[in-house]
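Structure, as C-alpha coordinates:
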Amino acid sequence: MTPSLPAGVERRPFDGRERLATRGEPVYGEPTDGGWRLWDARRSKLGAMLEKGMDTGLAGGETVLYLGAASGTTASHVADFAGPTYAVEFAARPARDLLSVAESRPNLFPLLKDARRPETYAHVVEPVDAIVQDVATRGQARVATANRRFLREGGRLLAAVKARSEDVTADPADVFDAFLDDLAGYEVLGTARLEPFHDDHLAVVARRV
Ligand code: SAM
(Lines give C-alpha, C1' and ligand atoms only; values in the text may rest on other atoms or scores of the structure.)
Protein backbone atom coordinates (compact mmCIF):
# COMPACT_ATOMS: atom_id res chain seq x y z
CA MET A 1 0.00 0.00 0.00
CA THR A 2 1.34 3.46 -0.90
CA PRO A 3 1.96 5.56 2.24
CA SER A 4 -0.26 8.59 2.54
CA LEU A 5 1.07 12.05 1.80
CA PRO A 6 1.58 14.51 4.67
CA ALA A 7 -1.46 16.66 5.43
CA GLY A 8 -1.04 19.81 3.35
CA VAL A 9 0.46 17.93 0.39
CA GLU A 10 -1.97 16.79 -2.29
CA ARG A 11 -1.98 15.42 -5.79
CA ARG A 12 -3.64 18.07 -7.95
CA PRO A 13 -4.21 18.27 -11.70
CA PHE A 14 -1.53 20.28 -13.49
CA ASP A 15 -1.17 20.07 -17.28
CA GLY A 16 -3.61 17.16 -17.33
CA ARG A 17 -1.61 15.07 -14.83
CA GLU A 18 -1.89 14.52 -11.07
CA ARG A 19 1.14 16.24 -9.54
CA LEU A 20 2.30 16.96 -6.00
CA ALA A 21 1.32 20.39 -4.72
CA THR A 22 1.36 22.47 -1.54
CA ARG A 23 -0.40 25.70 -0.65
CA GLY A 24 1.72 28.84 -0.43
CA GLU A 25 3.30 31.72 -2.30
CA PRO A 26 5.08 30.56 -5.49
CA VAL A 27 8.89 30.60 -5.30
CA TYR A 28 10.61 29.31 -8.44
CA GLY A 29 8.19 30.06 -11.26
CA GLU A 30 6.19 26.89 -10.62
CA PRO A 31 2.60 26.74 -11.93
CA THR A 32 -0.15 27.59 -9.45
CA ASP A 33 -3.85 26.90 -9.29
CA GLY A 34 -6.27 28.27 -6.72
CA GLY A 35 -3.60 28.77 -4.06
CA TRP A 36 -1.89 25.41 -4.79
CA ARG A 37 1.64 25.38 -6.19
CA LEU A 38 3.13 22.50 -8.14
CA TRP A 39 5.92 20.70 -6.23
CA ASP A 40 8.29 19.64 -8.99
CA ALA A 41 9.97 16.34 -8.06
CA ARG A 42 12.69 17.00 -10.65
CA ARG A 43 13.75 20.02 -8.62
CA SER A 44 13.35 18.46 -5.19
CA LYS A 45 14.75 15.27 -3.67
CA LEU A 46 12.09 15.21 -0.96
CA GLY A 47 9.45 15.72 -3.65
CA ALA A 48 10.96 12.76 -5.53
CA MET A 49 10.84 10.63 -2.37
CA LEU A 50 7.12 11.33 -2.01
CA GLU A 51 6.53 10.88 -5.74
CA LYS A 52 8.24 7.46 -5.54
CA GLY A 53 5.93 6.42 -2.69
CA MET A 54 8.58 6.26 0.04
CA ASP A 55 7.25 6.12 3.57
CA THR A 56 8.76 9.33 4.96
CA GLY A 57 6.70 9.21 8.15
CA LEU A 58 5.74 12.86 7.61
CA ALA A 59 2.17 13.56 8.64
CA GLY A 60 2.24 17.37 8.33
CA GLY A 61 2.76 19.93 11.09
CA GLU A 62 6.16 18.56 12.17
CA THR A 63 9.03 20.65 13.44
CA VAL A 64 11.77 20.27 10.82
CA LEU A 65 15.49 20.93 10.53
CA TYR A 66 16.35 21.31 6.84
CA LEU A 67 20.06 20.97 5.98
CA GLY A 68 21.20 22.35 2.62
CA ALA A 69 18.27 24.68 1.92
CA ALA A 70 19.91 26.49 -1.03
CA SER A 71 17.44 29.08 -2.41
CA GLY A 72 14.53 27.47 -0.61
CA THR A 73 12.92 25.51 -3.43
CA THR A 74 12.16 22.44 -1.32
CA ALA A 75 12.34 24.19 2.06
CA SER A 76 9.47 26.44 0.93
CA HIS A 77 7.26 23.41 0.20
CA VAL A 78 8.23 21.90 3.56
CA ALA A 79 7.30 25.12 5.34
CA ASP A 80 3.93 25.06 3.51
CA PHE A 81 2.91 21.80 5.24
CA ALA A 82 5.18 21.58 8.31
CA GLY A 83 5.41 23.55 11.53
CA PRO A 84 8.56 25.49 12.47
CA THR A 85 11.14 24.82 9.74
CA TYR A 86 14.80 25.68 10.47
CA ALA A 87 16.63 25.94 7.17
CA VAL A 88 20.45 25.76 7.23
CA GLU A 89 22.47 26.98 4.23
CA PHE A 90 26.10 28.07 4.28
CA ALA A 91 26.46 29.75 0.88
CA ALA A 92 25.63 33.46 1.00
CA ARG A 93 24.14 33.80 -2.51
CA PRO A 94 21.35 31.18 -2.19
CA ALA A 95 20.83 32.18 1.44
CA ARG A 96 19.81 35.67 0.21
CA ASP A 97 17.05 34.09 -1.90
CA LEU A 98 16.09 31.91 1.04
CA LEU A 99 15.58 35.02 3.15
CA SER A 100 13.11 36.44 0.65
CA VAL A 101 11.28 33.08 0.44
CA ALA A 102 10.91 33.23 4.24
CA GLU A 103 9.25 36.66 4.10
CA SER A 104 5.86 35.15 3.23
CA ARG A 105 6.40 32.14 5.53
CA PRO A 106 6.53 33.07 9.21
CA ASN A 107 7.34 29.45 10.18
CA LEU A 108 10.50 29.31 7.97
CA PHE A 109 13.70 30.32 9.80
CA PRO A 110 16.77 30.65 7.55
CA LEU A 111 20.13 30.04 9.25
CA LEU A 112 23.31 31.05 7.41
CA LYS A 113 25.34 28.28 9.03
CA ASP A 114 27.59 25.32 8.23
CA ALA A 115 25.71 22.05 8.78
CA ARG A 116 29.02 20.42 9.80
CA ARG A 117 29.08 22.69 12.83
CA PRO A 118 25.73 22.17 14.60
CA GLU A 119 27.09 23.77 17.77
CA THR A 120 26.83 27.14 15.97
CA TYR A 121 23.02 26.91 15.75
CA ALA A 122 22.25 24.68 18.74
CA HIS A 123 21.07 27.72 20.71
CA VAL A 124 18.40 28.50 18.07
CA VAL A 125 17.02 25.13 16.96
CA GLU A 126 14.47 23.39 19.17
CA PRO A 127 14.11 19.56 19.22
CA VAL A 128 12.73 18.49 15.85
CA ASP A 129 10.55 15.66 14.55
CA ALA A 130 12.39 15.35 11.25
CA ILE A 131 15.68 16.28 9.62
CA VAL A 132 15.60 16.74 5.86
CA GLN A 133 19.14 16.64 4.46
CA ASP A 134 20.25 17.56 0.95
CA VAL A 135 23.72 19.03 1.38
CA ALA A 136 25.41 17.48 -1.68
CA THR A 137 28.83 17.74 -0.09
CA ARG A 138 31.59 15.36 0.95
CA GLY A 139 30.92 13.74 4.34
CA GLN A 140 27.11 13.45 4.05
CA ALA A 141 26.94 10.70 6.71
CA ARG A 142 28.97 12.82 9.14
CA VAL A 143 26.55 15.74 8.64
CA ALA A 144 23.58 13.48 9.42
CA THR A 145 25.28 12.05 12.50
CA ALA A 146 26.39 15.46 13.79
CA ASN A 147 22.83 16.83 13.55
CA ARG A 148 21.20 13.79 15.16
CA ARG A 149 21.37 15.68 18.48
CA PHE A 150 18.39 17.85 17.35
CA LEU A 151 16.09 14.90 16.62
CA ARG A 152 13.69 13.83 19.29
CA GLU A 153 13.78 10.10 20.15
CA GLY A 154 12.27 8.19 17.23
CA GLY A 155 12.42 11.24 14.94
CA ARG A 156 13.19 10.69 11.26
CA LEU A 157 16.11 11.54 9.05
CA LEU A 158 15.13 11.99 5.39
CA ALA A 159 18.40 12.25 3.50
CA ALA A 160 19.27 12.51 -0.17
CA VAL A 161 22.80 11.21 -0.75
CA LYS A 162 24.55 12.44 -3.89
CA ALA A 163 27.17 9.94 -5.02
CA ARG A 164 29.27 12.41 -7.00
CA SER A 165 29.64 14.71 -4.02
CA GLU A 166 31.57 11.97 -2.21
CA ASP A 167 33.63 10.63 -5.10
CA VAL A 168 33.14 11.42 -8.79
CA THR A 169 34.95 8.27 -9.92
CA ALA A 170 33.45 5.67 -7.57
CA ASP A 171 30.54 3.40 -8.40
CA PRO A 172 27.48 5.12 -6.85
CA ALA A 173 26.41 1.81 -5.28
CA ASP A 174 29.70 1.69 -3.34
CA VAL A 175 29.27 5.31 -2.20
CA PHE A 176 25.76 4.54 -0.95
CA ASP A 177 26.99 1.44 0.94
CA ALA A 178 29.70 3.57 2.58
CA PHE A 179 27.11 6.21 3.58
CA LEU A 180 24.93 3.56 5.25
CA ASP A 181 27.96 2.05 7.02
CA ASP A 182 29.04 5.48 8.32
CA LEU A 183 25.59 6.60 9.45
CA ALA A 184 25.86 6.34 13.23
CA GLY A 185 22.97 6.61 15.68
CA TYR A 186 20.21 5.80 13.21
CA GLU A 187 18.22 2.73 12.22
CA VAL A 188 17.67 2.72 8.46
CA LEU A 189 14.00 2.14 7.64
CA GLY A 190 14.10 2.42 3.87
CA THR A 191 16.18 3.41 0.88
CA ALA A 192 15.38 4.15 -2.75
CA ARG A 193 17.25 5.43 -5.77
CA LEU A 194 15.74 8.67 -7.02
CA GLU A 195 15.89 7.99 -10.77
CA PRO A 196 14.25 9.18 -13.02
CA PHE A 197 13.95 12.43 -11.06
CA HIS A 198 17.60 12.67 -9.90
CA ASP A 199 20.50 10.60 -11.21
CA ASP A 200 22.89 8.84 -8.81
CA HIS A 201 21.08 9.88 -5.65
CA LEU A 202 20.03 7.54 -2.85
CA ALA A 203 17.16 8.56 -0.60
CA VAL A 204 17.42 7.27 2.96
CA VAL A 205 14.71 7.22 5.60
CA ALA A 206 16.14 6.49 9.06
CA ARG A 207 14.98 6.71 12.66
CA ARG A 208 16.98 8.12 15.52
CA VAL A 209 17.92 5.38 17.99
N1 SAM B 1 17.75 21.18 -0.93
C2 SAM B 1 17.75 22.18 -1.97
C3 SAM B 1 16.41 22.14 -2.66
O4 SAM B 1 15.88 21.06 -2.90
O5 SAM B 1 15.87 23.21 -2.94
C6 SAM B 1 18.91 21.98 -2.91
C7 SAM B 1 20.19 21.82 -2.15
S8 SAM B 1 21.66 21.78 -3.11
C9 SAM B 1 21.61 20.21 -3.86
C10 SAM B 1 22.85 21.57 -1.83
C11 SAM B 1 23.01 22.80 -0.97
O12 SAM B 1 23.70 22.42 0.21
C13 SAM B 1 23.83 23.91 -1.62
O14 SAM B 1 23.10 25.11 -1.62
C15 SAM B 1 25.06 24.01 -0.73
O16 SAM B 1 25.55 25.34 -0.60
C17 SAM B 1 24.52 23.48 0.58
N18 SAM B 1 25.56 22.95 1.48
C19 SAM B 1 26.58 22.10 1.18
N20 SAM B 1 27.32 21.85 2.27
C21 SAM B 1 26.76 22.55 3.28
C22 SAM B 1 27.09 22.71 4.64
N23 SAM B 1 28.14 22.08 5.18
N24 SAM B 1 26.32 23.51 5.40
C25 SAM B 1 25.25 24.16 4.86
N26 SAM B 1 24.89 24.06 3.56
C27 SAM B 1 25.63 23.27 2.78
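Worth a mention:
- Prolate/oblate/rounded call for the stretch 1-93, Cα gyration tensor, a/c under 1.5 rounded: oblate
- Phi to ³J(HN,Hα) by Karplus 6.51 cos²θ - 1.76 cosθ + 1.60 over the stretch 133-144, Hz, x for Gly, Pro: 10, 8, 8, 6, 9, 5, x, 5, 5, 5, 4, 5
- Taking θ as phi - 60° and the Karplus parameters 6.51, -1.76 and 1.60, the scalar couplings of the stretch 177-190 work out to 4, 5, 4, 5, 5, 7, 6, 9, x, 10, 9, 6, 9, x Hz in sequence order, x denoting glycine and proline.
- Of all accessible heavy-atom area on the chain, the percent that carbon and sulfur account for (1.4 Å): 47 percent
- Inverting the pair-averaged 1/r between distinct Cα atoms of the stretch 40-208 gives 15.7 Å as its Kirkwood hydrodynamic radius.
- DSSP beta bridges fully contained in the chain are about 60 percent antiparallel.
- Rg followed by Dmax, in Å, when the stretch 147-209 is reduced to its Cα trace: 12.1, 37
- The chain: relative contact order as a whole-number percent, Cα under 8 Å and 6+ apart: 17 percent
- The length gained by stretching the chain between T32 and D181 to full extension, at 0.36 nm per residue less their Cα-Cα distance, is 49.5 nm.
- With 0.36 nm allotted per residue and the present C-alpha distance subtracted, the S104-A92 stretch has 2.3 nm of extension available.
- Selection among A75, A141, A192 by position relative to the dipole of the chain gives A75 as farthest towards the positive end (Cβ unit charges, Cα centre).
- Zone of L189's modelled label, taken as backbone nitrogen in the stretch 41-73 under 20 Å from a point 7 Å along Cα→Cβ: 45-67
- The charge dipole of the chain, taken about the Cα centre with unit charges on the Cβ atoms of Lys, Arg (+1) and Asp, Glu (-1), comes to about 360 debye, rounded to the nearest 20.
- Model label sites at A122 and E18, defined 7 Å from Cα along the beta-carbon direction, differ in position by 4.5 nm.
- Once both labels are positioned 7 Å from their Cα atoms along Cα-to-Cβ, the gap between R43 and E153 label points is 4.1 nm.
- Part-to-part distance (alpha-carbon centres) for the stretch 122-155 and the stretch 34-71, which is given in Å: 16 Å
- Positive end of the dipole of the chain (Cβ unit charges, origin at the Cα centre): among P3, L46, V124, the Cα lying farthest that way belongs to V124.
- Spin-label model distance (nm) - E10 vs V209, 7 Å beyond Cα toward Cβ: 3.9 nm
The values are calculated or read from the model by the stated rules, or taken from the named source; none is laboratory data. All values reported here derive from a predicted model rather than from experimental measurement. Neighbour counts run over all protein chains shown; Cβ positions are idealised from the backbone, glycine included. Surface areas here come from the heavy atoms of the whole protein model, side chains and all, with no ligands, DNA or RNA. Shrake-Rupley method; radii C 1.70, N 1.55, O 1.52, S 1.80 Å.
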